[in-house]
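Have a look at the structure below before the remarks.
Just so you know, all these numbers are worked out from the coordinates, no wet-lab data involved. All of these numbers come straight from a predicted model, not from anything done at the bench. Here the Cβ is made from the backbone with ideal geometry for all residues, glycine too, and neighbour counts use every protein chain on show.
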Amino acid sequence: MLIVQLLICGVAFQESTNLHPTCERLVRLFLRMLSTDRRRHFRLPVIDGCLRQTARRWTAKQLLEKVNAYLLECEEAPVTVRTIQKDLRYLQSLPHNPALIAFIDKGRERWYYYEEDDYVLELPTINADESFAFALSHAVLEQMSGFPLVKEFARLRHKMEKQLPEQQPVNADVLLFEHNPQLKGIEWLEPLFEAIRAQTVLKMVYQPYDTDALEKVIHPWWLKQFNQRWFLFGWNEEQQRLDNSPLDRIVAVSPVSIEYRANTSINPQQYFSDMVGVTRYAEDVPQQVTIRVKASRGHYIQTKPLHVSQQMLPAAIDHHLFQYQVIINKEWMSLLLSFGADLEVLEPLSLRGALQQELLSAAALYM
C-alpha cells in the first residue's frame, strides 16, 4: 500500500521508512525513470546492443539512428547527438566499466566499441517479485479513476513490458481501497496536480454552497484528501493568505500569466499534524483536550489513535483517559461526537460546552 501512496501522492522517497526491500528498489527505479532524463533507461540497452557487436565500430550519429528508431516504437520523442554523447560519457563513468573504448580516425570522427568481447553492462533490471509489485500497483491505480500519474504509470508499464518477467495477471481485489469514483470534482484532480507541478497560477470559479459563485486567483501548493474528499491548498492572490478549496465546489479553472508564488513558509506535514481534517484558521493553535472513554471503546482508540498526539493516562478499570494537543475544529468535534455516549470530553470546558449544545440539539429532533 505504501508504494501506491508514493506513486499517487508524490511523497518524497527519502522521507519514507521501513519499506520492504522489493518495494524500496522498485520505488527507486520508478522515481529514476520519472526523473528529468528518465528515458536513459530505454536508450542504454540499445547503445549496449550496438557496442556489443564487436565486428564493427559505431559513431555517435549511427548510435543516434538506432536509439531514435527504438524511441519511435515506444512513442517517445527523438533525442539529439548531444544526448547520445552524454549517454556514452555516462557509460564511461560507471564504476568497474572500463571496457568502453573510443578512437578517432583520420576524418576526426570518434568511433566507439567494447574492448572486451565478453563485457556485460549491468543495467537496472526488474526481477519477478518487483514485476509483481509493479503490476499490482498498476492494477490498483486502475481502480482509482481521476488520480494523477495513472496514465503516466500505464505508459511506463507499456514501455517496460519487454523487460518485465512474464507472469500471471494480477488480481487487484486483494487490496481494496475506500474510493468513490462518482465523487463530484474528482475530474479536477489531475489538472490541478499538473498545475502544481508546473507552478502555474490559476483563476478559479468557485461555487460556495449558500452564496453566488465567485472568482479567485490561486497559487496552487498541494492537494489533500480527507474523508474521501479532495481539497486544494494554495496562496490566495487577493486575500494574501492560505486558501482551502474543496474540489467539488470548483466550477472552472484557467491559467493566469502572473509570477507563481512558491510555498517557502509552510511545512504541509507539520501544518496538518496539529489537527484532524483540513479546517484551520490563522489564529488557531493546538489546545489540550482530555477525554474519558468507556473501556469497550477505549481499546478501539488505543489501536486506532484519534490524533498523532494521543497519550493514554492512568484510569479506572471501566474507562480510559486520553489526552491530545490538537486544534479544535469542526472535523475534530465531529469525530468526538461519532462516539456518542461512549465518550465524554473533560477539558477544555469550551469544547465540552460546544459538544453539549450539539447533543442537546440532536436529542431535540427525537423528542
What list of ³J(HN,Hα) couplings, whole Hz, do you get for region 213-230 from phi and the Karplus terms 6.51, -1.76, 1.60, once you set θ to phi - 60° and write x for glycine and proline?
5, 9, 10, 8, 9, 10, 8, x, 10, 7, 10, 10, 9, 8, 6, 6, 10, 9
Check GLU347: other-chain or 5+ apart residues with amide H under 5 Å from its amide H, H built from backbone geometry?
THR290
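Multiply the residue gap between GLU109 and LEU349 by 0.36 nm, knock off their C-alpha separation, and tell me the result in nm, one decimal place.
Details: separation 240, 0.36 × 240 = 86.40 nm, distance 8.33 nm.
Fully extending the segment from GLU109 to LEU349 adds 78.1 nm.
Hey, with R₀ at 30 Å, roughly what FRET efficiency would GLN207 and VAL308 work out to, going by the Cβ-Cβ distance, to 0.05?
Numbers: r = 33 Å, r/R0 = 1.12.
After rounding, the FRET efficiency stands at 0.35.
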Å³ per residue of the Cα convex hull, for region 287-364?
87
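Only sites in a loop by DSSP and with at most 14 other Cβ atoms within 10 Å count here; which chymotrypsin sites (Phe, Trp or Tyr not before Pro) in region 311-367 make the cut?
Values: sites: PHE322, TYR324, TRP332, PHE339, TYR366; in loops: PHE339, TYR366.
Loop-located and lightly packed - TYR366.
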Too long for a 28 Å Cα-Cα cut-off, among LYS203/LYS224; LYS294/LYS330; LYS224/LYS294; LYS86/LYS224; LYS216/LYS304, are LYS224/LYS294; LYS86/LYS224; LYS216/LYS304
Starting from 0.36 nm per residue, how many nanometres of slack lie between ARG261 and GLN199 once their C-alpha separation is accounted for?
21.5 nm
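Once you keep just the Cα pairs under 8 angstrom separated by 6 or more residues, what percentage relative contact order results for region 186-267?
On the way: 151 pairs, mean separation 25.9, N = 82.
Once normalised by length, the contact order is 32 percent.
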For the pair LEU214 and VAL251, how long in nm is the line joining their label points, each one 7 Å along Cα→Cβ?
1.3
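Just flag the chymotrypsin sites (Phe, Trp or Tyr not before Pro) in region 255-286 sitting in loop per DSSP whose Cβ has no more than 11 other Cβ atoms within 10 Å.
Working: sites: TYR260, TYR271, PHE272, TYR281; in loops: TYR260, TYR281.
Taking region 255-286 and a limit of 11 other Cβ atoms within 10 Å, the loop chymotrypsin sites (Phe, Trp or Tyr not before Pro) found are TYR281.
Tell me, in nm to one decimal, what length is gained between PHE339 and ASN236 on full extension, where the rule is 0.36 nm per residue of separation less the Cα-Cα distance? Please report the intermediate quantities before stating the final value.
On the way: separation 103, 0.36 × 103 = 37.08 nm, distance 3.63 nm.
The PHE339-ASN236 span can extend by a further 33.4 nm.
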Whole-Hz Karplus ³J(HN,Hα) for region 71-87, in order, using 6.51 cos²θ - 1.76 cosθ + 1.60 and θ = phi - 60°, x for Gly and Pro?
4, 5, 5, 8, 6, 10, 5, x, 10, 10, 4, 4, 5, 5, 5, 5, 5
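Taking the Cα centre of region 267-346 as origin, sum charge times position over the Cβ atoms of Lys and Arg (+1) and Asp and Glu (-1), and report the length of that vector in debye to the nearest 20. Kindly include the intermediate steps, with their values, before the conclusion.
Numbers: 6 positive and 7 negative charges, 39 e Å.
Charge dipole, region 267-346, about its Cα centre: 180 debye, nearest 20.
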